[in-house]
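Colleague: One structure, pasted below without further comment.
The values are calculated or read from the model by the stated rules, or taken from the named source; none is laboratory data. Remember, predicted model here, so these are calculated numbers, not experimental data. Virtual Cβ from ideal backbone geometry, glycine too; neighbours counted across all protein chains shown. SASA here: full protein model, heavy atoms, side chains in, ligands and nucleic acids out. Shrake-Rupley method; radii C 1.70, N 1.55, O 1.52, S 1.80 Å.
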Amino acid sequence: MKMTVIGYWGGYPAAGEATSGYLIEHEGFSLLVDCGSAVLSQLQKFIQIDQLDAVLLSHYHHDHIADIGPLQYALLIHRFMGKELKELPIYGHSHDQIEFDRLSYKNISRGIAYNPEKKLHIGPFSVTFMQTVHPVMCYAMEIQAGDQSIVYTADSSFDNKFISFAQQADLFICESNLYANQNGTNAGHMTSEEAGFIANKGNVKELLLTHLPHFGDHEQLIREAEKLYQGNVTLAKTGYVWG
Ligand SMILES: [Zn+2]
Ligand SMILES: [Zn+2]
């Protein structure tokens, strides 16, 4: 599997960058996980829009879905210009029916509700879900292909369940929207220290900190996570490639 960070900011994109978006590729299949604000712009640095095979969404906060509409318009325009395109499957949960219904647009894209209790198969990927602790319904995901696994926390405050969910992950993409001295319980986010704690207890092979805050010095997040986790800790940035 190859994973490219398309966007990594929490809440809103910094100038010229994007909020949550991760391109995961395997055996010629391109899966976009989350499609936040400005993701569509950044994505085109790495792949043509019409090369996307599927989109998978963790939850319906703006910083994870803001560019779904523009993505649908882009595909509509591509088709208008004569390109033959298949309907793009967009996988999301259906706890919020209004948001879920927006994933289907003409015959351009089709919303597919995933059952978080079951393993989901998308192209060469198998996806397992875990409900997170967040103000709206949100799912973390383990994405497997070949003999590798990527675990993505999506948005969540700390939950012990992540330790078993992330166990032995080859790549652990953990949100770290806060610094060690903060408390994410009310906001539904985690600190660098909590990310390091889960990475350590979960014996993950590599930790990627993402959903980064718009304040402080991000290098501090690394130092704080490294106090609890001895493996490789990296800050997400646009175009960072793993695998
Ligand atoms: Zn959120
Ligand atoms: Zn978010």
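Colleague: Calculate the spin-label point distance for R110 paired with F46, positioning each point 7 Å from the Cα along the beta-carbon direction, and give it in nanometres.
Modeller: 2.7
Colleague: About the Cα centre of the chain, what is the dipole size in debye to 20, counting +1 per Lys and Arg Cβ and -1 per Asp and Glu Cβ, all else neutral? Can you show the working numbers first?
Modeller: Details: 16 positive and 27 negative charges, 80 e Å.
So the dipole magnitude of the chain works out to roughly 380 debye.
Colleague: Once both labels are modelled 7 Å past Cα along the beta-carbon direction, what's the Q97-Q167 spacing in nm?
Modeller: 3.8
Colleague: If ligands, DNA and RNA are left out, what is the accessible area of T185 with a 1.4 Å probe, given in Å² to the nearest 10?
Modeller: 100
Colleague: Still on this structure, please answer the following. How much area per residue is accessible in the chain when the probe is 1.4 Å and only protein heavy atoms are counted (Å²)? Walk me through the numbers on the way to the answer.
Modeller: Details: 10380 Å² over 243 residues.
Accessible area per residue, the chain: 43 Å².
Colleague: Which residue, S164, S156, S104, has the most motion in a Gaussian network model of the chain that connects Cα atoms within less than 10 Å?
Modeller: Answer for the Gaussian network model of the chain: S164.
Colleague: Go through the range 50-62 residue by residue and turn each phi into a ³J(HN,Hα) via Karplus (6.51, -1.76, 1.60, θ = phi - 60°); whole Hz please, and just put x for glycine and proline.
Modeller: Values, residue by residue: 7, 8, 5, 9, 6, 10, 10, 10, 7, 6, 9, 6, 3 Hz.
Colleague: A further question on this structure: Using only the heavy atoms of the protein chains and a 1.4 Å probe, how would D217, D53 rank by accessible area, largest first? Spell out each step's value before the answer.
Modeller: Numbers: D217 75, D53 45 Å².
Sorted by accessible area, descending: D217, D53.
Colleague: Share of the range 1-142's accessible area from carbon and sulfur, percent, 1.4 Å?
Modeller: Details: 3270 of 6270 Å².
Carbon and sulfur together cover 52 percent of it.
Colleague: Among T191, V136, L221, which residue has its Cα positioned farthest towards the positive end of the charge dipole of the range 2-242, with +1 placed on the Cβ of Lys and Arg, -1 on the Cβ of Asp and Glu, and the dipole taken about the Cα centre?
Modeller: V136
Colleague: Beyond a 32 Å Cα-Cα separation, which of these cross-linked pairs lie in this structure: K86/K161; K83/K118; K45/K201; K45/K86; K119/K205; K118/K227? Before the final figure, lay out each step's value.
Modeller: Values: K86/K161 38 Å; K83/K118 35 Å; K45/K201 36 Å; K45/K86 22 Å; K119/K205 23 Å; K118/K227 35 Å.
Pairs exceeding 32 Å: K86/K161; K83/K118; K45/K201; K118/K227.
Colleague: Sticking with this one: Taking only C-alpha pairs under 8 Å that are 6+ residues apart, what is the relative contact order of the range 1-160 in percent? The partial results should precede the final answer.
Modeller: Details: 340 pairs, mean separation 24.6, N = 160.
Relative contact order of the range 1-160: 15 percent.
Colleague: How far is it, in nm, from the label point at K2 to the one at N232 when both lie 7 Å from their Cα along the line to the Cβ?
Modeller: It is 1.7 nm.
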